[in-house]
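J.: To start, I am sharing the structure in question, which I have written as structure tokens.
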Amino acid sequence: MSFCLKPYEERRTSAMKETIIQLLASEFAGSLSADDIGRLLEIPPSPEMGDYAFPCFTLARVLRKSPVTIAEELMKKIMPNEAFEKITAMSGYLNFFVDKNQFAASVLSRALAEGYGRNKTTATVVVEFASPNTNKPLHLGHLRNMSIGESIARILQFRGNNVVRTSINNDRGVHICKSMLAYRKEGGGATPQSTGKKSDHFVGDYYVLFSRNAAADPSWNDQARQMLRQWEAGDEQVRELWKTMNGWALDGFRRTYALFGIHFDKEYFESDIYTFGKEIIREGLERGVFFRRDDGATVVDLEAEKLGTKVLLRPDGTSVYIVQDLYLAVLKHDEFACDRSLYVVGNEQEFHFSVLKTILKKLGSPVAEKIHHLSYGMVELPEGKMKSREGTVVDADDLINETKNLAAEEVGSRYRLDDAETGQRSLAIALAAIKYQLLRVDIGKTMLFDPKKAISFEGDTGPYLLYSYARASSILRKAPAVPSAIAAGGDFNGSEIALIKQLDRFPEAAAFAGDKLSPSIIANYGFGLAQAFNEFYHASPVIGSDREQFRLRLVAAFRAVLKNCLWLLGIEAIEEM
RNA sequence: GCGCCCUUAGCUCAGUUGGAUAGAGCUACGGAUUUCUAAUCCGUCGGUCGCAGGUUCGAGUCCUGCAGGGCGUGCCA
């Protein structure tokens, strides 16, 4: 099921398209709505064929005429029209050539105005992402998750929503006890401070140590389970150790979040909420949605929904994971009065979320219709899947630091800068490279991440966008003030028109990205925009040209729109590379 | 076994919800810098859109079947 926000109050299409839609809508009053026409309108394969095209094939049946005839008749009816240079009828298509002066003036004034591409819907949306386990440091998979979560949050904000960023820390359970056990047995009192290790990596090392030991001696697994029982019984020493190590893990995560440029409005902890949800269980039993099985377990029958039978409480009365998720879903809804509640979670949990949603639905909860699993695909390496046991996991901090070092080399080979400036630029470039790489692929798809290519700074990459932005900034820095109105019209060259058309498409791209909850739409649009700019840059000198005034405005508009694209991707724009 | 997802150039990916001649980046090769940042730009090479049917004036896009791959199908989280 696709997820859509409320209808848009503001015009979401391009100026050019809107003009054509209105024109055609008055011609087809009754037979075709403005929406229908908007859907049918397309961009011809080449600019020589027109700026927009309207295919007449669907009308052929209704009007009992050939598409060719319809196109020709329409052309005669519409022309002359001051908005168009000409309109031609070609093999069943009606091709529109817009008046470039009017078009350019309209696009530039809109693109330079405040709020270009935004709208005013005011829904509240909760976006939950990151949600790490506190037993090992963040890895590449978390970086995809975090990039998606932050970008989605920003896209929704940009589209007028009130966005709340949350994370649930999975800080209890047997996997947490594993690193605790290894530390207690073999840590020898070492600390992150004493070893100089980043604290979450320090914790992760003991998780690895546990895995190694448990492989040789399976009794380690029993000891971990024993420790979990002690934890649940409130054993003071175990709780103390847990507090300390969780603190280390969380401190480390927060440093990575800060480095990566994300934050949360609210963090939840599994240890706080895992015992709750009894109220939901009681309600379900009362209503006959849940029932008690012979062995004492509390279960819900989802056979009708083809989801099997789900156990909620074990025979001993302890609850399974989904109960706390039910609780948290309701908690977030009550706490933020949200209209939507999104979960950025990997696609391996699709089944879990359909169960969660179905149970809420059976309970008659309004939350059921508001939650949406934003499922994303796994990240694979050239060698295949990442496996923590085999040590093929790409660590988040390591990746950021290595990419930053490579960016610093690139910066250093071009400019003579002090360390602080080099550090700042290379971090921005590295993050742009990583985030863009992770966001350019459709979120639903499994993606391949080649660390060697991730640090490439050429072509379809984050640094390419940054570089384009820096070039535009450089022109504007060196130029006289940008005029507030177009001084020159006249003959537009191909690179100017191509760039203007690309700018005109931004509101459509932003709206579409918001509808589909898809950062890759912004990434791909932004790349196309930067490409159009770089082509313009080579073909059209700005400063000192006889079209300087107009081109300065064009560069300023480009810079503003690209800056928004970068922001929507969670990427910081820098003025100089 | 069953359910969901994926398959487009050598590689990585787009393809605006069914429209004209399927695009980009990387790789390889060849070019562009007295001029606003060459992390750029231009050109060449590269396609049975996994396979087979179907619907349609029109299919990479929708439907069915098949093949290959991934994920799930826990009283784990």
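The values are calculated or read from the model by the stated rules, or taken from the named source; none is laboratory data. Treat the numbers as computed from the prediction; the structure is a model and nothing was measured. Because the Cβ atoms are built from the backbone with ideal geometry, glycine has one as well, and the counts that use them run over all protein chains shown. Just the protein is used for accessible areas: all its heavy atoms, side chains included, with ligands, DNA and RNA removed. Shrake-Rupley method; radii C 1.70, N 1.55, O 1.52, S 1.80 Å.
J.: Please work out which one of (1) crowded, with 24+ Cβ neighbours inside 10 Å; (2) within 11 Å of RNA strand B (Cβ to nearest atom) is the condition A:L569 fails and give its number.
T.: With (1) crowded, with 24+ Cβ neighbours inside 10 Å; (2) within 11 Å of RNA strand B (Cβ to nearest atom) applied to A:L569, the lone miss is (2).
J.: Which residues, counting only those in segment A:409-430, are surrounded by 23 or more Cβ atoms within 10 Å (Cβ to Cβ) and in contact (Cβ under 8 Å) with a residue 60 or more places away in the chain? Show your work before the answer.
T.: First, pick out the residues of segment A:409-430 that are surrounded by 23 or more Cβ atoms within 10 Å (Cβ to Cβ): A:425, A:429-430.
Answer for segment A:409-430, where residues must be surrounded by 23 or more Cβ atoms within 10 Å (Cβ to Cβ) and in contact (Cβ under 8 Å) with a residue 60 or more places away in the chain: A:R425, A:I429.
J.: Another question about this same structure. Hey, can you tell me all the residues within segment A:88-97 that are open to solvent by 10 Å² or more (accessible area, probe 1.4 Å), in contact (Cβ under 8 Å) with a residue 24 or more places away in the chain and of a type outside the set (S, T, Y)?
T.: Passing the criteria: A:M90, A:F97.
J.: Please pick out the residue among A:S179, A:S211, A:S167 that is within 16 Å of RNA strand B (Cβ to nearest atom), of a type in the set (S, T, Y), assigned to a helix (DSSP H, G or I) and open to solvent by less than 30 Å² (accessible area, probe 1.4 Å). Working first, answer last.
T.: Values: A:S211 fails: open to solvent by less than 30 Å² (accessible area, probe 1.4 Å); A:S167 fails: assigned to a helix (DSSP H, G or I).
Exactly one residue qualifies, and that residue is A:S179.
J.: Need pairs with beta-carbon distance below 9 Å; first residue over 16 Å from A:A190 (Cα atoms) and within segment A:201-221, second surrounded by 12 or more Cβ atoms within 10 Å (Cβ to Cβ) and among the β-branched types (V, I, T); sequence gap 6+ or separate chains.
T.: What qualifies is A:N221/A:V174.
J.: Any idea how many residues of segment A:410-427 are closer than 17 Å to A:G462 by Cα and within 9 Å of RNA strand B (Cβ to nearest atom)?
T.: Quick first cut of segment A:410-427, residues closer than 17 Å to A:G462 by Cα only: A:410-411, A:424-427.
So of that shortlist, the ones also within 9 Å of RNA strand B (Cβ to nearest atom) come out as A:410-411, A:425-426.
The total comes to 4.
J.: A follow-up question, please. Of all residues in segment A:444-460, which are in a loop (DSSP other than H, G, I, E, B) and within 8 Å of RNA strand B (Cβ to nearest atom)? Before you say what the answer is, go through the steps one by one.
T.: In the first step, residues of segment A:444-460 are kept if they are in a loop (DSSP other than H, G, I, E, B); the result is A:444-446, A:449-450, A:455-460.
Result: A:G444, A:K445, A:T446, A:F449, A:D450, A:S456, A:F457, A:E458, A:G459, A:D460.
J.: Turning to a different aspect of this structure: Is there any pair linking a residue in segment A:21-34 that is assigned by TED's automatic domain parsing to the domain that holds A:A83 to one that is of a type in the set (V, I, T) and open to solvent by 50 Å² or more (accessible area, probe 1.4 Å), with Cβ under 8 Å and at least six apart or on different chains, and which?
T.: That search, which allows pairs on different chains as well, returns A:S31/A:V62.
J.: List the helices (runs of 4 or more DSSP H) that sit entirely inside segment A:254-359 and contain at least 2 residues that are surrounded by 14 or more Cβ atoms within 10 Å (Cβ to Cβ) and more than 14 Å from RNA strand B (Cβ to nearest atom).
T.: Numbers: elements: A:270-273, A:278-286, A:321-336.
In segment A:254-359, the matching helices (runs of 4 or more DSSP H) lie at A:278-286, A:321-336.
J.: Additional query: What are the pairs, 6+ residues apart or on separate chains, where a residue within segment A:289-316 that is among the basic types (K, R) has its Cβ under 7 Å from a residue that is more than 7 Å from RNA strand B (Cβ to nearest atom) and in a loop (DSSP other than H, G, I, E, B)?
T.: A:K310/A:L302
Here's the yes/no breakdown for (1) part of a helix (DSSP H, G or I); (2) touching a Leu at 6+ places or on another chain (Cβ under 9 Å); (3) open to solvent by 10 Å² or more (accessible area, probe 1.4 Å); (4) more than 6 Å from RNA strand B (Cβ to nearest atom):
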{"position": "A:N524", "(1), (2), (3), (4)": "yes, no, yes, no"}
{"position": "A:Q531", "(1), (2), (3), (4)": "yes, no, yes, no"}
{"position": "A:G544", "(1), (2), (3), (4)": "no, no, yes, yes"}
{"position": "A:Q549", "(1), (2), (3), (4)": "yes, no, yes, yes"}
